[in-house]
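Heads up: the structure comes next, in structure tokens.
The values are calculated or read from the model by the stated rules, or taken from the named source; none is laboratory data. Please read all numbers here as calculations on a predicted model, not as lab measurements. Using ideal geometry, Cβ is built from the backbone for each residue, glycine included, and neighbour counts are taken over all protein chains shown.
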Amino acid sequence: MSTKVAVIGAGSWGTALALVLADNNYDVRLWSRRTEHAEAMQNDRENKAYLAGCSFSDNIVSTADMSVALAGVDVVVIVVPTKGIRETVRQIDAALTTKPLFIHATKGIEPASYKRISEMIQEEASSANYLDICVLSGPSHAEEVGMRQPTTVTVAANHAQYAGMAQNLFMNQNFRVYTNPDLIGVELGGALKNIIALGVGVTDGLGFGDNAKAALMTRGLAEIARLGEKLGAQPKTFSGLAGLGDLIVTCTSTHSRNFRCGRMLGNGASLDKVLDEMGMVVEGVRTTEAVTGIARDHEVDMPITNMLADVLFSDTSAEEAVEKLMGRVRKNEVEDPSPFSFGQVVDQDSIDS
């Protein structure tokens, strides 16, 4: 009997993952919250609204009926925006008739609770209704996955056997999947890189060059790792696919919503106008709001994140934010400089006096 997989969320990324699963000959049900969208996909045999040009095979069925999507499923792949996770998981929990593996591919943090996606799922779904919660993350633009271009991601879970199940489910000649035991780090890496991508987009909108972008990416990764380690993640995770890999692709590609949003902000547009024009969820905005609070509560220094929050939610201009970042007090790049012979940084003011 063919494995049955429900992909809950028919945006560009959910659709791309449905295509990967269909290529692997699974029985795929692609759920959209809007009836007219589900019917259009079923009739057109593609998702013209979010991933045009990528045809559906016969083993993809689109539906807006959660009961139909979940009937007899072995795996549920959750790919909805962070703000919709709780409501959607409650719907899933109520409609399940099997005990499937949950895999989520959403990259965000809830601003009100500071919860990661897996924590939100745990709070809304009965543990008796699923085997485990996995996260799939990494450098993976939906447009390229849909075109079967080579892509490599990672999956993490609390139990190795279920990470292995997720790996086997998605792995094929175009979509390579690694496993990682660090669920916290993989989730945080995928969420926090969106903040830095917003910042890199701002520098592009301001007309700055590669030097500024490289600096923001490098120091942004330092911020991500600093907070991640404080929250229980493994530092090595942030040098891998879910950290550095995802950061690079999100900060350097026009496929990235977060980069495009930041660039429009750097060009002088207001946040409300940008979000209205884009018409899609920009996860980095909500994540910035959440992470500034988390960093404050845990006393973690995140100057790039804080400056970006000022641009997004206060009256700070992008130019002023850059000036403040560049004018910060002198520091060592390495936070623990003890291995180096030059010792501590000398305050220039003490020399001048």
Only one of (1) part of a helix (DSSP H, G or I); (2) touching a strand residue (DSSP E or B) at 6+ places or on another chain (Cβ under 6 Å); (3) in the same structural domain as Val76 (by TED's automatic domain parsing) does not apply to Ala191, and that is (3)
Residue among Gly205, Gly201 that is in contact with a Gly (Cβ under 6 Å, 6 or more places away or on another chain), surrounded by fewer than 24 Cβ atoms within 10 Å (Cβ to Cβ) and not aliphatic (A, V, I, L, M) | Gly205
With respect to Asp182, determine if the residue is modelled with pLDDT under 95, acidic (Asp, Glu) and out of contact with any Gly (no Cβ under 7 Å at 6 or more places or on another chain).
-> no
Taking Ala215 as meeting all but one of (1) touching a residue at least 24 places away in the same chain (Cβ under 8 Å); (2) within 19 Å of Gly284 (Cβ to Cβ), write down the number of the exception.
-> (1)
Here are Asn174, Asn158, Asn168: which of them is in contact (Cβ under 8 Å) with a residue 24 or more places away in the chain, polar (S, T, N, Q), under 28 Å from Leu96 (Cα atoms) and not assigned by TED's automatic domain parsing to the domain that holds Ala290?
-> Asn158
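Got a sec? Which helices (runs of 4 or more DSSP H) wholly within region 80-154 have at least 2 residues that are at pLDDT 95 or above and assigned by TED's automatic domain parsing to the domain that holds Leu241? Explain how you work it out, then say what you get.
On the way: elements: 85-95, 117-124, 142-146.
Counting at least 2 such residues, we get no helices (runs of 4 or more DSSP H) at all.
Looking at region 62-79 only, could you name the residues that are assigned to a helix (DSSP H, G or I) and touching a strand residue (DSSP E or B) at 6+ places or on another chain (Cβ under 8 Å)?
Met66, Val68, Ala69, Leu70
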Given the conditions (1) in contact with an Asp or Glu (Cβ under 8 Å, 6 or more places away or on another chain); (2) crowded, with 23+ Cβ neighbours inside 10 Å, and given that Gly146 satisfies all but one, which numbered condition is not satisfied?
-> (1)
Do we have Lys236 as part of a helix (DSSP H, G or I), under 26 Å from Gln161 (Cβ atoms), of a type outside the set (Val, Ile, Thr) and more than 17 Å from the chain's Cα centre (by Cα) here?
-> yes
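Looking only at helices (runs of 4 or more DSSP H) that fall completely inside region 270-339, which ones have 1 or more residues that are in contact (Cβ under 8 Å) with a residue 40 or more places away in the chain and β-branched (Val, Ile, Thr)?
On the way: elements: 271-278, 283-298, 303-313, 318-326.
Once the helices (runs of 4 or more DSSP H) in region 270-339 are filtered for at least 1 residues that are in contact (Cβ under 8 Å) with a residue 40 or more places away in the chain and β-branched (Val, Ile, Thr), what remains is 283-298, 303-313, 318-326.
Among the listed residues Val200, Val177, Val186, which satisfies the condition of being in contact with a Phe, Trp or Tyr (Cβ under 7 Å, 6 or more places away or on another chain) and assigned to a helix (DSSP H, G or I)? Before the answer, list the steps.
Details: Val177 fails: assigned to a helix (DSSP H, G or I); Val186 fails: in contact with a Phe, Trp or Tyr (Cβ under 7 Å, 6 or more places away or on another chain).
The unique qualifying residue is Val200.
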Members of region 245-261 that are surrounded by fewer than 21 Cβ atoms within 10 Å (Cβ to Cβ) and in contact with a helix residue (DSSP H, G or I) (Cβ under 6 Å, 6 or more places away or on another chain) = His255
Subset of region 40-61 [part of a loop (DSSP other than H, G, I, E, B) and hydrophobic (A, V, I, L, M, F, W, C)] | Ala49, Ala52, Cys54, Phe56
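Can you tell which of Lys230, Lys213, Lys236 is in the same structural domain as Ile304 (by TED's automatic domain parsing) and modelled with pLDDT under 95?
None of the other options fit; the residue is Lys213.
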